[in-house]
Amino acid sequence: MLHYAHEQLQGDYYTRAFQAGAQEDTLIINMGPQHPSTHGVLRIILELHGEYILRAEPVLGYVHRMQEKMGEVKTYPQYLANMGRVDYLHALAWNWAYVRAVEQLLELEVPERAEYVRVITCELNRITSHLLWWGAYLLDLGAFTPIMYGFADRERAMDLLQIITGSRLTYCYYTFGGVTADLTPQFIDGTKDFCKYMRTRLPMYKDLVTDNMILRHRVDDIGIISVDMARRYGVTGPNLRGSGVEHDLRRNTPYSIYDRFDFEIPAYEECDALARYLVRMDEMEQSISIIEQAIQSLPEGPVMPPKMPKVIKPPKGEAYGEVEGARGVIGIHVISDGTATPYRIKLRAPSFSNLSLFAEVSKGILLADAVSILGSLDLVIPEIDR
Amino acid sequence: MKQSWVDQLNAAGVPKCTEVRKGVACFCLESQNLLDSVRKILELEYYLQDVSASDFQEGYLLTYHFAHFEEPGQAVFRVLISHEHPQVPSISSFYQGAIWHEQECTDFYGIEFTGHPDLKPLLLVPEENLCPLRKDARSKKSFLDIFPDCKLVEAPPPPESEENAGGQESPEEKASKKKGSGKSKVQKEDDETAQDSGQA
């Protein structure tokens, strides 16, 4: 019995490997895999000296589902349903990246109205994603009220998306060549109201939370990510724009019809958690602006091309579908061998690259700040593990 | 505008590329030239998008995607390595973000990245060596068939001698890999010596 207990104390493979490099008089603890501030099953092994982190190592794979293998055994349309499950918070961006890759292979023209529908729904989904991040991040930092506000507002947008997509979280709405269902008048009116409503809510959030001194102390000058570090780790999205780089695929390589809208790319030079926070708060405003412009200029017409092949069999070759997700550049690399099943699908998840710098950025900081940094990176664990 | 960034890459000494699609430049590299080209592309301030592997008849194809924060365009590095010696230098000394990507490739295909700081399993269980994305002989397709615009820079040995090559790597072969020139010829001779030693 004692022997058994001793075995248990040895820890698993990762703990033993981590312990081998430990210094004297330090404490090794596991943060996660069921830690509330990781919002999923992420585990981080930490070596602490007092309250300071000497070394940190994220351990992944707790929600690994081998999405890339599934891509090789399912047909092209069957795999569409997987995309909403990779990142459940910005599912439509993953939908989009995949259909873009396959549309490139098939050389499909997407009808104009379908592009508008995609922009409206994807931006609405981005707002829901940022709202959840906002509430959850502040919950990590000890503020309980914001998540109630965030969830209440997010609920409205999710009700709207439910009207046209039929699901609340793991959407499977875009399809090769267009979208599966047209917008309804109920959705359009509801979205107009939602945009107006959010314009009154965002200033309130600013008064309530953003200017709060306690929050500022928790996020100001915490978790500095330099541009060089971002480049070496492949950090993209709001995390990169928090380091002063105005890189956004919607502007840099405008896909779909993003070049028709007038919007700004918020960027802050400070490189810290506060900068990343402010970028996301500003982005919600820009998304509202894009939705309003898109609804105003929404053209009439079909949402699917007139002629679609019965079986999707892209010609031999490869395609890389890229879109700007709520967490950064989503890339899907599809290699086709000319059959109805992809030969290889590689998913580039932005959170995967964004988390990989944690070991470097967390050296020598306080444990409480690690929670603040993890939250400011806006991680979605199923996307990292895939 | 589009031409300029490809020219820039060529001028910086990344070997001659082909622009396969609009905005995508593809570079087929030999594994010994990989680090040199990666260093150059880092100097040009490209960021690493991802590293992935795929399984073909000719060997494992490693694909490195790079893009730029300011400029448009995507640079793709392709390295083909043989099934018998799935070894490629790790680019993690230049791009630390590649550490996890390379570990993932090792999980899925069993590829060894030389010079990687800690090549332990990342996403799969550490106790087993599963390599789930390796394809069986029947479902493997030809790399040249799918990418006709790419030429093989590192010619793999013909399929008959591949089976005879066996698992162990001889020191001569390692040396020949570094030399680089006349690759396919050297490889073939090595295979013959491996065969001879096996018979002896």
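The values are calculated or read from the model by the stated rules, or taken from the named source; none is laboratory data. Please read these numbers as outputs of a predicted model, since none were measured by experiment. When we count neighbours, we look across all protein chains shown, and the Cβ atoms used for this are built from the backbone with ideal geometry, even at glycine. Areas reflect the complete protein model, heavy atoms only, side chains present, ligands, DNA and RNA absent. Shrake-Rupley method; radii C 1.70, N 1.55, O 1.52, S 1.80 Å.
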C-alpha center-to-center spacing [the range B:86-144, the range B:22-84] in angstrom: 15
Restricting to aspartates and glutamates and to Cα separations under 15 Å from B:Lys120, and discarding same-chain partners fewer than 8 apart, the set is A:Asp12, A:Glu57, B:Glu102, B:Glu104, B:Asp107, B:Glu112, B:Glu128
May I ask for the equivalent-ellipsoid semi-axes of the range A:90-189, computed as the square root of five times each C-alpha gyration tensor eigenvalue and listed largest first in whole Å? 29, 15, 9
Mind jotting down the distance between the C-alpha centroids of the range A:53-91 and the range A:159-206, whole Å? 25
Would you jot down the residues in the range B:90-109 that end up with at least 30 Å² less accessible area in the complete protein assembly than in the chain alone, with a 1.4 Å probe? B:Gln96, B:Gly97, B:Trp100, B:His101, B:Glu104, B:Phe108
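Roughly how large is the A-B contact in terms of buried accessible area, totalled over both chains, probe 1.4 Å, nearest 100 Å²? Walk me through the numbers before you get to the answer.
Working: alone 16700 and 11080 Å², together 23680 Å².
Counting both chains, the buried surface is close to 4100 Å².
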Percent of C-alpha pairs per 10 Å bin, the protein assembly as shown, short to long: 3, 16, 27, 26, 17, 8, 2, 0, 0
What ³J(HN,Hα) values, in whole Hz, does the Karplus curve 6.51 cos²θ - 1.76 cosθ + 1.60 give for the range A:62-72 when θ = phi - 60°, with x put for Gly and Pro? 6, 10, 6, 10, 6, 4, 6, 5, 4, x, 8
Hey, what's the protein assembly as shown come to in accessible area per residue, 1.4 Å probe, Å²? 40
Please give the peptides A:301-310, A:329-338, A:344-353, A:261-270 ranked by average Cβ packing (other Cβ atoms within 10 Å per residue), highest first, as a rough proxy for protection. A:344-353, A:329-338, A:261-270, A:301-310
Given charges at Cβ of Lys, Arg, Asp, Glu: the range A:222-347 dipole, positive-most of A:Pro314, A:Gly223, A:Phe263: A:Pro314
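Could you work out, residue by residue across B:41-52, how many beta carbons of other chains sit within 10 Å of that residue's beta carbon, and then give the average as an integer? Could the numbers behind the result be given before it?
Numbers: counts 0, 3, 0, 0, 3, 1, 13, 6, 10, 11, 3, 9.
Per residue, the number of nearby Cβ atoms from other chains is 5 on average.
What is the extension gain from B:Glu127 to B:Gln87, computed as 0.36 nm multiplied by their sequence separation minus the C-alpha to C-alpha distance, in nm to one decimal? Can you show the working numbers first?
Values: separation 40, 0.36 × 40 = 14.40 nm, distance 2.18 nm.
Value of the extension gain: 12.2 nm.
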Skipping prolines and chain starts, which residues have an amide H placed within reach, meaning under 5 Å, of the one on B:Gln49, given they are 5 or more residues away or on another chain? B:His65, B:Phe66, B:Ala67
Return the sequence-ordered ³J(HN,Hα) values of the range A:81-95 in whole Hz as given by the Karplus equation 6.51 cos²θ - 1.76 cosθ + 1.60 applied to θ = phi - 60°, using x for Gly and Pro. 5, 5, 4, x, 8, 6, 10, 6, 8, 10, 5, 5, 5, 5, 3
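Rounded to two decimals, what is Rg over Rh for the range A:67-309 when you use alpha-carbon atoms and the Kirkwood radius? Don't skip to the end; give the middle numbers.
Numbers: Rg = 18.5 Å, Rh = 19.0 Å.
A ratio of 0.97.
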Applying 1/(1 + (r/R0)^6) with R0 = 45 Å to the Cβ-Cβ distance of A:Asp207 and A:Met308, what FRET efficiency is obtained, to the nearest 0.05? 0.35
Where Cα atoms sit under 30 Å apart: lysine pairs in chain A separated by 8 or more or lying on different chains: 16
Calculated from backbone phi, Karplus (6.51, -1.76, 1.60) coupling profile of the range B:108-119 in Hz, x at Gly/Pro: 7, 10, x, 7, 9, 9, 6, x, 6, x, 7, 8
Which of B:Glu104, B:Glu127, A:Glu300 is most accessible, then next, and so on - probe 1.4 Å: A:Glu300, B:Glu127, B:Glu104
Once both labels are modelled 7 Å past Cα along the beta-carbon direction, what's the B:Arg78-A:Ser297 spacing in nm? 3.8
Please list the non-local residues whose amide H lies under 5 Å from the amide H of A:Leu48, H modeled 1.01 Å from N, same-chain partners needing a gap of 5 or more. A:Leu27, A:Ile28, A:Ile29, A:Leu54
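Share of the protein assembly as shown's accessible area from carbon and sulfur, percent, 1.4 Å? Spell out each step's value before the answer.
On the way: 12450 of 23680 Å².
Carbon plus sulfur share of accessible area: 53 percent.
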What are the residues whose amide H is under 5 Å from the amide H of A:Ile365, where those residues sit 5 or more places off or on another chain and H is modelled from the backbone? A:Ile53
Would you be so kind as to list the residues of the range A:200-243 that have their accessible area lowered by at least 10 Å² in the full protein complex compared with their chain by itself (1.4 Å probe)? A:Arg231, A:Arg232, A:Tyr233, A:Gly234, A:Thr236, A:Leu240
